[in-house]
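What follows is a single structure, written as structure tokens, with notes after it.
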Amino acid sequence: MTPVMGSGGMCGPPSEVRRVLLVGFMGSGKTRVGQALARRLGWSFRDFDQEVRARAGLPIPDIFRQHGEAAFRDMEERVGADLLLEDRVVLASGGGWPAALGRMEELPEGTLSVWLRVLPEEAVRRAREEGPTRPLLAVPDPVARARQILAEREACYGKAHLALDSMEAGPEELARIIERFVNERRAEGVEPSSP
Ligand code: S3P
């Protein structure tokens, strides 16, 4: 599979990649692909949702329930800003992170963004397998809801430098494709920004 270049009218991929940011809908495989890619590159892996959970001391559904979605989005914004400062790191954003105004246009220099595409039906199937972890899909008709949210976000995801179909290949294969792309543009000698 060849990655498709993003069509969002941004400048092209960085000439020296310092970090990879995976974006895409819930269930698109950002965490699994990110872990596999980080292993291959010898970089660290950081997941926005895991970091929000750790900082809040609460699982995501509880944050939504107790504090509301707006509070979750504020935490997610702060986590994203912090993690995007790190070098030699693969980042899995939450599915809603790229949807805020300007996010995909204002990525720090050296960030390669990759959209993992998934259809709403498959996203819901995968999310079901993982249990009740996605409050936005905890509705009577999750597929209709997923279609609606995805339609609202597609233009934002499409601003990524690369797009890969997560239903055409498994996490290792997707990671291998991204790794090849990164290795052609990898920033050498960049030290991790934190221990
Ligand atoms: C969300 C996606 C989730 C999590 C939260 C909201 C979204 O992350 O951040 O439930 O708005 O799409 P994943 O994409 O990792 O499931």
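What follows is calculated from the coordinates using simple rules that are stated; it is not laboratory data. Bear in mind the structure is a predicted one, so any value in this text is a computation, not a measurement. Backbone-built Cβ (ideal geometry, glycine too); neighbour counts: all protein chains shown.
Residue separation times 0.36 nm, minus the C-alpha to C-alpha distance between Ala169 and Glu121: what's the value?
Full-extension gain reported as 15.6 nm.
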Residues of segment 105-137 with backbone nitrogen within less than 12 Å of a virtual label 7 Å along the Cα-to-Cβ line of Val143, please, listed as ranges.
120-125
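If you average 1/r over all unlike Cα pairs in segment 62-195 and invert the result, what Kirkwood radius do you get in angstrom?
Values: mean 1/r = 0.0598 Å⁻¹.
Evaluated over segment 62-195, this radius sits at 16.7 Å.
Just to confirm the filter: which GluC sites (Glu not before Pro) across segment 1-105 are DSSP coil and have at most 10 other Cβ within 10 angstrom of their Cβ? Please report the intermediate quantities before stating the final value.
Values: sites: Glu16, Glu51, Glu69, Glu76, Glu77, Glu86, Glu105; in loops: Glu16, Glu86, Glu105.
When the GluC sites (Glu not before Pro) of segment 1-105 are filtered for loop state and at most 10 Cβ neighbours within 10 Å, nothing remains.
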Proxy exposure order for Cys156, Cys11 (fewest C-beta within 10 Å first) is Cys11, Cys156
Points 7 angstrom from Cα along the Cβ direction at Leu85 and Val4: gap in nanometres?
3.6
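Among 57-68, 163-174, how do they line up by average Cβ neighbours within 10 Å per residue, starting with the highest?
Values: 57-68: 14.6, 163-174: 17.8.
Ranked by mean Cβ neighbours within 10 Å, highest first: 163-174, 57-68.
Pulled fully out, how much extra length does the chain show between Asp62 and Ala100, if you take 0.36 nm times their separation in residues and subtract their Cα-Cα distance? The partial results should precede the final answer.
On the way: separation 38, 0.36 × 38 = 13.68 nm, distance 2.21 nm.
Gain on extension, Asp62 to Ala100, equals 11.5 nm.
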